[in-house]
1. Just the residues that are under 20 Å from the mean Cα position of the chain (by Cα) and either modelled with pLDDT of 85 or more or hydrophobic (A, V, I, L, M, F, W, C) (or both), please, taken from segment 104-121.
2. Output the residue which, of all residues in segment 18-50 that are touching a His at 6+ places or on another chain (Cβ under 9 Å) and of a type outside the set (A, V, I, L, M, F, W, C), is nearest to Trp74 (Cα to Cα).
3. Going through segment 9-41 one residue at a time, which ones are closer than 27 Å to Lys126 by Cβ, assigned to a helix (DSSP H, G or I) and in contact with a Phe, Trp or Tyr (Cβ under 9 Å, 6 or more places away or on another chain)?
4. How many of the residues in segment 126-170 are without any contact (Cβ under 8 Å) to a residue 24 or more places away in the chain and among the charged types (D, E, K, R)?
5. So, in segment 101-114, of the ones that are touching a Leu at 6+ places or on another chain (Cβ under 6 Å) and surrounded by 19 or more Cβ atoms within 10 Å (Cβ to Cβ), which residue ends up nearest to Leu173 (Cα to Cα)?
6. Among the residues of segment 4-48 satisfying the criterion of being at pLDDT 95 or above and among the small types (Gly, Ala, Ser), which is nearest to the chain's Cα centre (by Cα)?
7. For Leu173, work out the one condition from (1) exposed (fewer than 15 other Cβ atoms within 10 Å of the Cβ); (2) modelled with pLDDT under 85; (3) not in a loop (DSSP other than H, G, I, E, B) it doesn't fulfil.
8. Suppose we keep only residues that are touching a residue at least 12 places away in the same chain (Cβ under 8 Å) and outside any strand (DSSP E or B) within segment 42-64. Which one would you say is farthest from Asn130 (Cα to Cα)?
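The values are calculated or read from the model by the stated rules, or taken from the named source; none is laboratory data. Quantities reported herein were computed from a predicted structural model and do not represent experimental measurements. Every residue, glycine as well, gets a Cβ built from its backbone with ideal geometry; the counts of neighbours run over all protein chains shown.
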Amino acid sequence: MLLYSIEDHFTKDDTEFKFNTTDSILVRKSDWERWIQTCTNTMVVRLRQGDITQICVVGGYHEDDAERVYAPSWIFYRLKSGEPIEIEQLWDTESNEDVLPIATKIHLRPLDNELYHVDIEGEISKHLLNFQSLQKGSTIVVSLESLGGYEVDIFVEECEPENEVLLRGDVALELVAPIEDVVEWSAATVAGAAASAPKETVQDDFSQMFPSAVASTSQKKFVPFSGVGYTCR
């Protein structure tokens, strides 16, 4: 199968376009119909191109007869469009339990210094309601309504208890200060800079959806997003 971007192949009027702001991919209808017969929990998969992998969930199917997988545009920070993709199914056909652990803590780092004094916590929380999974090293893209739709890249610096997690219920989240002197993002530069950049966060366990958060230059408080899990049945 070949991997392509939802954003490049569907218009905003297409029902498929809504998946562009999620962690969901669209697969062939035949694959969807076959997998839904064996999956009794979250239809989470691992996409693989060589040594690079990305977890996500199967959100539905497309009507294209070609052997294609359509993915949200943020996934292409890690994977390549138009290239072959392998799909590893991460569900146990003999059990109702999810294979991946539930997230207990997440560290996110905005990759834009201009946002240092902007209250973006609530909007990031709201965006993550569309996600069922998250992986360390990923970069998600959040459109900030408070800034007129300005899109900001958010780097997933850490996930606990493992590098690949599912978002369910209450999760402790840290919003880490943006990296200084970022000219152009790349996976290599982020890895080095993130290790030395100071953290300026206060953790809050959340049990409510998106209360407004308060940010300052000395302390940031990131309050509650709630990952909603949907199953394939």
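1. Thr104, Lys105, Ile106, His107, Leu108, Arg109, Pro110, Leu111, Leu115, Ile120
2. The residue in question is Thr21.
3. The answer is His9, Glu16, Phe17, Phe19, Asn20, Thr21.
4. Initially, segment 126-170 is screened for residues without any contact (Cβ under 8 Å) to a residue 24 or more places away in the chain, giving 142, 145, 148-151.
Subset that is among the charged types (D, E, K, R): 145, 151.
Number satisfying all stated conditions: 2.
5. Taking segment 101-114 as the starting set, the residues that turn out to be touching a Leu at 6+ places or on another chain (Cβ under 6 Å) are 102-103, 106, 108.
Remaining after also requiring surrounded by 19 or more Cβ atoms within 10 Å (Cβ to Cβ): 103, 106, 108.
Working: Ala103: 10, Ile106: 5, Leu108: 8 Å.
Here the answer is Ile106.
6. The qualifying residue nearest to the chain's Cα centre (by Cα) is Ser24.
7. (1)
8. Among them, the one singled out is Asp64.
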